[in-house]
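> The structure under discussion is supplied below as structure tokens; questions concerning it will follow.
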Amino acid sequence: MKKRNFPDDMSKLSNSSKNIIESVKSINPQKEALIVVIKYGIFGLLWIVLSDKILGTFTDNIEFYKIMQIYKGWLFVLITMVMFFILISEKTKSIKSATDRAFKAYEDLKTSNHEQGVLEKELNYQKDLIQNIIEEAPVIIVLWDEDGKILKTNSFCIKTFGYDEEELLGKIWVDFFEVSHNKQRVNNIFQEIIQNGGLREYEINFAAKEGKNLDILWSNKVIKTDRGKKVIVSIGMDITERKKYEEKIRYLAYHDSLTGLPNRDMFSNEIECLIESKKLDKFAIVFIDIDNFKYVNDTMGHIIGDELLKYIAVKLTSYVTAPDLAARLGGDEFGLLIKNFGSEEILMKKLERLQKDLGNTWHSGIREFFISISVGAAIYPDDGRDGGALLKKSDIAMNVAKKEGKNKVLLYKENIHEDIMWHINMSNKLQKALDNKEFELYYQPQIELSSGRIVSLEALVRWNHPTEGFIPPSDFIPVAEETGQIYGLEQRIFRNALIQKQKWEQKGYRDITLSLNLSSKTLISNMNFRFIESILSEFHVDYTKFVVEITETAAISNVELAIERLNRLKSRGLKIALDDFGTGYSSITYLKQLPIDIIKLDKSYVKSVTDGRRDGSIIKFILSLARDLNLTVVAEGIETSKQLEYLKNINCSLGQGYFISIPQPAEAITEMLSNNTSTYK
């Protein structure tokens, strides 16, 4: 339907009606009749006077004159008919024009009235629709005047706040819902709305009928009525639940979900805020790690591991009181922010008490675990002036505490940093050495003590650095084990040693046994142990003359796995030697459990055999026990003739050491094998 402008249409209709009425009023029947009569009279008189006179001038014949009179009469009738037709036609035209205008005005009015009726229906529909939308809208809608009196509310408002509409209408909006501690703020907002014509999206806490506090997000607009009064329309959304979820999300963002402690982000923020506030001259950042936690997780499962983490969290929470802070930094790592500790000595005592409290037996069901922690601490501002540096240095101190035997508390010192940098540099040099093939194998003979004949060779890795010269294995092997570089190094050692054994066998030295060390990391690593097995499969040598040496440490981390893998090696014909025997707490236990063939007596016993009777008695006991278990004994670290003679006298079968021969390259060993002589003879 074409949109019409009804005010303009009604104005035009009104003007048209006035013109029609004026036209109708201007018609006077008597006047109109008089005009016709006068016009007819004038014409008649002129006709009579002039027609006879004109006719008389044309003829004198009486008969012709009479005939012309008859024709003149007919002409008069005809002319008057035409004249009357013209006069009456003019008047009827004006009447018809007025009538047509009146009829058209009537039609227009009729159409306008119809369209106005349709529009009124549409307006009523829209009004009802808007009213229904307002009533059913899931938002709070309130109308109030300049004085704050409530004029109108919708159903959702009534439902949200719990009041009847009668209880709300006419009441002061601010006083009715305002929570006491928000009173001044609500009044300020009210004034801002009035002055600025509205206010969008602000949050405020309101009280419902039952005393429940609700968080409402409001938007307001001031509307002026036709009478010039102001009406404020307020639309509100109940965001109470949303605020709860936001608070929960905020909590989860800054707290550990397992233990409920603050997480690393919150811990770091607290440190930075404390530094920026400059409220304290010094404070301590403490880094805590649970010793051997991976063992608990791997053997007992993550559920038991989680229980242990929650236990530690509870202990830390009970130990740390405000304003200090405990946090879980990730995995089995925890942090402490200690603000008041006095001196370093007091801090150390405090941390040692914590270590002692945590270092107890922990029970999980019927299981018992001994718990210990390694602790590192850094002090602001001595060890750093920002949170990142303090966390890093406390972590460094903790890692050094672990390397020094675990279950220890250590404060960060510069020499610790130097040790770490040395460690990093050594790791970098190791990688370059692996890439550049700087490592080579030396071999130390093992002899039959009774005859002096070489029966075995132990392959030992040596590193001659291009600029630093000889770097002892005691410097780089521990670093390689920590970084995982031991895997690549060990695989290269096995391959090169087997290549050399193959060469010696080809030269006829098939009776010479070759022994290699296998690290604990490779032994318990699925992938890297398979690499060693793969290398063994590549070479066709006499594996009955090949020995793999392990330490107690390699077995103690996972005894069952160690036994299974050692048996896999023995199935190839290899023999297993237990190196550094006697240095661990459970050496004799492993003689029974592990599938070993050889025990290598630690050099500490050999060194002291001539110093006192006790160590000598221990060696005799070990030799006796080995004979009963059908095990071969190799004495390590023979450095003097007295030690050699003593071992020969107590019937120790095999030995090695610098007195017999230092480790030598393959060429020198080949020459020795050709004579099969030992340097001690």
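The values are calculated or read from the model by the stated rules, or taken from the named source; none is laboratory data. As the structure is a computational prediction, the values presented were derived from the model and not from experiment. Cβ atoms come from the backbone with ideal geometry, glycine included; neighbour counts cover every protein chain shown.
> State whether the residues of segment 190-204 include one that is buried (at least 16 other Cβ atoms within 10 Å of the Cβ), farther than 14 Å from Trp144 by Cα and either in the same structural domain as Thr153 (by TED's automatic domain parsing) or among the small types (Gly, Ala, Ser) (or both).
Yes, segment 190-204 contains a residue that is buried (at least 16 other Cβ atoms within 10 Å of the Cβ), farther than 14 Å from Trp144 by Cα and either in the same structural domain as Thr153 (by TED's automatic domain parsing) or among the small types (Gly, Ala, Ser) (or both).
> Testing Asn630 on (1) part of a helix (DSSP H, G or I); (2) exposed (fewer than 13 other Cβ atoms within 10 Å of the Cβ); (3) not charged (D, E, K, R), one condition comes back false. Which one is that?
Asn630 satisfies all of (1) part of a helix (DSSP H, G or I); (2) exposed (fewer than 13 other Cβ atoms within 10 Å of the Cβ); (3) not charged (D, E, K, R) except (1).
> Then there's this: Quick check: is even one residue across segment 81-88 touching a residue at least 60 places away in the same chain (Cβ under 8 Å) and not assigned by TED's automatic domain parsing to the domain that holds Glu201?
no
> Follow-up question, since we're still on this one. For segment 404-419, which residues satisfy the criterion of being touching a strand residue (DSSP E or B) at 6+ places or on another chain (Cβ under 9 Å) and part of a helix (DSSP H, G or I)?
Ile416
> Looking only at segment 332-389, filter to residues that are of a type in the set (Ser, Thr, Tyr) and closer than 12 Å to Ala284 by Cα; which one of those is surrounded by the fewest Cβ atoms within 10 Å (Cβ to Cβ)?
Ser343
> Tyr106 is checked against (1) under 53 Å from the mean Cα position of the chain (by Cα); (2) surrounded by 10 or more Cβ atoms within 10 Å (Cβ to Cβ) and fails just one. What number does that condition carry?
Going through (1) under 53 Å from the mean Cα position of the chain (by Cα); (2) surrounded by 10 or more Cβ atoms within 10 Å (Cβ to Cβ) one by one, Tyr106 breaks only (1).
> What are the residues in segment 586-618 that are modelled with pLDDT of 85 or more and among the β-branched types (Val, Ile, Thr), if any?
Ile596, Ile598, Ile599, Val606
> Which of the residues spanning segment 111-147 are free of Cβ contacts under 8 Å to residues at least 24 places away in the same chain and touching a strand residue (DSSP E or B) at 6+ places or on another chain (Cβ under 6 Å)?
Scanning segment 111-147 gives a single hit, Ile134.
> What are the residues in segment 154-182 that are modelled with pLDDT of 80 or more, closer than 13 Å to Phe206 by Cβ and not hydrophobic (A, V, I, L, M, F, W, C), if any?
If the condition is that a residue be modelled with pLDDT of 80 or more, closer than 13 Å to Phe206 by Cβ and not hydrophobic (A, V, I, L, M, F, W, C), then Thr160, Gly162, Tyr163 are the ones that fit.
> Starting from residues that are among the hydroxyl-bearing types (Ser, Thr, Tyr) and at pLDDT 95 or above, keep the ones in segment 413-464 and report whichever is surrounded by the most Cβ atoms within 10 Å (Cβ to Cβ).
Looking at the filtered set, the residue picked out is Tyr443.
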